[in-house]
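*Asks:* This is the structure I have questions about; it appears just below.
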Amino acid sequence: MTARTYEVRTYGCQMNVHDSERLSGLLENAGYVRAPDAELADVVVFNTCAVRENADNRLYGNLGHLAPAKKAHPAMQIAVGGCLAQKDRGEIIRRAPWVDVVFGTHNIGSLPALLERARHNDEAQVEILESLEVFPSTLPTRRESPYAAWVSISVGCNNTCTFCIVPALRGTEKDRRPGDVLAEVEALVAEGVLEVTLLGQNVNSYGVEFGDRQAFGKLLRACGGIDGLERVRFTSPHPKDFTDDVIAAMSETPNVMHSLHMPLQSGSDVVLRAMRRSYRQERYLGIIDRVRAAMPDAAITTDIIVGFPGETEDDFAQTLEVVRAARFAGAFTFQYSPRPGTPAAQMDGQVPKQVVQERYERLAALQDDIAWAENMSQVGRVLDVLVAEGEGRKDGATHRLSGRAPDNRLVHFSLPADAAPPRPGDVVTVEVTYAAPHHLVADGAYGGVRRTRAGDAWELRSGRAPDVPAAGVLLGMPTVGAPSVGSAADACG
Ligand code: SF4
């Protein structure tokens, strides 16, 4: 019997991307195989997001597109999980009765059993739990990248930001024990991974559940002791809980990268209060000052929401002020729009759309200027770039590969004619010659390639030699992980 095929369609944040790796791992453990590209799978899983604007319309639209296929292939199964499933529950089956399984954020491990039960009983299965049964990291995972991995240190959030639906859908914060986190990181490194990103809605409150307020800094230092682990990153920190021991751990642990993505959301104290973000402008800028004092080369990025209810022109001017002072290397900027189920959706003072749009454009223009100036300060630097898969680009006649600098800046580089092409996961040494607002170009001196175990793992997994950029080939666009501008209030942390 041929194995049933699957496809996971992911919406939303890094948490969901990582959860989707687990969903794939679970399905492969249960005997499913990934469907070839452009082929309709026997099982289609939607891992949904409730934060993005019009998320529900989009989901029901996508489900509607699959209805004829399901009718033509009755053995096909459709499953819906993630935050929107946790929120809408049985409503999904009511609006799309051809869906077979609905599961929530707390029981992703049940997916194979629910699919089996739905098939056996010929009846849709809806299973939503109110709290976490098993920490998801104990589930099998099919990682997308052989050289970089997400590692969850906590799930859920104890904050109550008024624009955010996450606490209602993911529950309060649950922390993994440091020993479990480190064991997972060590296992990943043994498989060839050289970069990990520690993941939590608020990494700075890590440890609150087991009574150690300095647990996150200690975890960073412990990662520093893992042989073969070259790059450690984390997301997202919260300015309310950000303490100096974390800055010290970052600056004193060589494999912790000098990059920090710290959500600002607004520069106005009045708006921060209305958002229930319990830090103020002064505290935020104070953290930035201390980070820069300890790590002058740190690249700091952020999230900003424009047009939160009640935001006046003066409040917005405060945000611009902070942006000028902070000199972010990049920012995800979002136009506020109400999300059902959040307190902010009920607030007075919703800002008219054209006002939000106009402020958003002013902010984006200012931030672009700053990012460009910050990137120009990198010209002439020699950087170690971790080569990425699918991030190359063609600029006119020049074909470039791409990767990430230690501070997470996106770098496009070209190879000398006689150079052996690096593999994704290898590290090249290049000189930056040009800066754009959202990336660097390194066409200067080429310091060669360091082949890594991560590159070996990529070659083993892909079963092919590295791509040599050929004339006319566009390797992809530089989008992954690059702070940029967005259009919805979907910022967390
Ligand atoms: S925005 Fe982030 S910190 Fe605030 S409630 Fe949502 S997940 Fe928690």
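Each reported figure results from applying straightforward, stated rules to the coordinates on display, with no laboratory input. All values derive from a computational prediction rather than experimental measurement. Here the Cβ positions follow ideal geometry from the backbone for every residue, glycine too, while neighbour counts run over all protein chains shown.
*Asks:* What residues qualify as long-range amide H neighbours of Ala436, i.e. H under 5 Å apart, gap of 5 or more or another chain, H built at 1.01 Å from N?
*Replies:* Val441
*Asks:* Give the peptides 434-441, 16-23, 312-319 in descending order of average Cβ contacts within 10 Å, highest first. List each step's numbers first, then the result.
*Replies:* On the way: 434-441: 18.8, 16-23: 22.2, 312-319: 16.8.
The most tightly packed comes first, giving 16-23, 434-441, 312-319.
*Asks:* Still on this structure: Would you list Glu91, Glu389 from fewest to most Cβ contacts within 10 Å? Let's see the in-between values first.
*Replies:* Values: Glu91 15, Glu389 23.
Ranked by crowding around the Cβ, least crowded first: Glu91, Glu389.
*Asks:* When the dipole is taken about the Cα centre of the chain, and only Lys, Arg (+1) and Asp, Glu (-1) are charged at their Cβ, what size is it in debye, to the nearest 20? Provide the component values of the computation, followed by the final result.
*Replies:* On the way: 51 positive and 63 negative charges, 92 e Å.
Once rounded to the nearest 20, the dipole reads 440 debye.
*Asks:* Moving on. Counting DSSP beta bridges with both partners in region 382-462, what percentage is antiparallel, nearest 5? Display every interim value, and only then the final one.
*Replies:* On the way: 19 of 22 bridges.
Antiparallel bridges: around 85 percent, rounded to the nearest 5.
*Asks:* Continuing with this model, one more query. Looking at the chain, what % of its DSSP beta bridges pair antiparallel, to the nearest 5? Mind dumping the intermediate values first?
*Replies:* Values: 21 of 64 bridges.
Close to 35 percent.
*Asks:* P(r) for region 5-127, please, calculated from all Cα pair distances in 10 Å bins and given in %.
*Replies:* Each 10 Å bin holds this share of Cα pairs: 14, 51, 33, 2.
*Asks:* Turning to a different aspect of this structure: Assign one of three labels to region 57-131, namely rounded, prolate or oblate, based on the Cα gyration tensor with a ≥ b ≥ c the square roots of its eigenvalues; rounded applies when a/c is under 1.5, prolate when it is not and a/b is larger than b/c, and oblate otherwise. Can you show the working numbers first?
*Replies:* Numbers: a/c = 2.14, a/b = 1.21, b/c = 1.77.
Taking the square roots of the gyration eigenvalues as a ≥ b ≥ c, region 57-131 is oblate.
*Asks:* Between Gln125 and residues 5 or more places away or on another chain, which pairs have amide H atoms under 5 Å apart, with H built 1.01 Å from N, and which residues are they?
*Replies:* Val101, Val102
*Asks:* Here is a follow-up. Provide Rg over Rh for region 137-376; use the alpha carbon set for both Rg and the Kirkwood Rh (inverse mean inverse pair distance). Show your work: numbers first, answer last.
*Replies:* Details: Rg = 18.6 Å, Rh = 18.9 Å.
For region 137-376, the value is 0.98.
*Asks:* Please work out the Cα center distance from region 94-117 to region 17-58, rounded to the nearest Å.
*Replies:* Distance between centres, Cα-based: 12 Å.
*Asks:* Which order do Lys218, Lys87 fall in if you start with the one that has the fewest other Cβ atoms within 10 Å? Display every interim value, and only then the final one.
*Replies:* Numbers: Lys218 16, Lys87 21.
If I rank by nearby Cβ atoms, fewest first, I get Lys218, Lys87.
*Asks:* Here's something else I'd like to know. Sorted from largest to smallest, which semi-axis lengths in Å does the alpha carbon gyration tensor of the chain give for its equivalent ellipsoid, taking the root of 5 times each eigenvalue? Intermediate results must be reported in sequence, preceding the final value.
*Replies:* Values: eigenvalues 230, 185, 106 Å².
The answer is 34, 30, 23 Å, longest axis first.
*Asks:* Of Met295, Ala274, Val323, which is farthest towards the positive pole of region 137-376's charge dipole, taken about the Cα centre with +1 and -1 on the beta-carbons of Lys, Arg and Asp, Glu respectively?
*Replies:* Ala274
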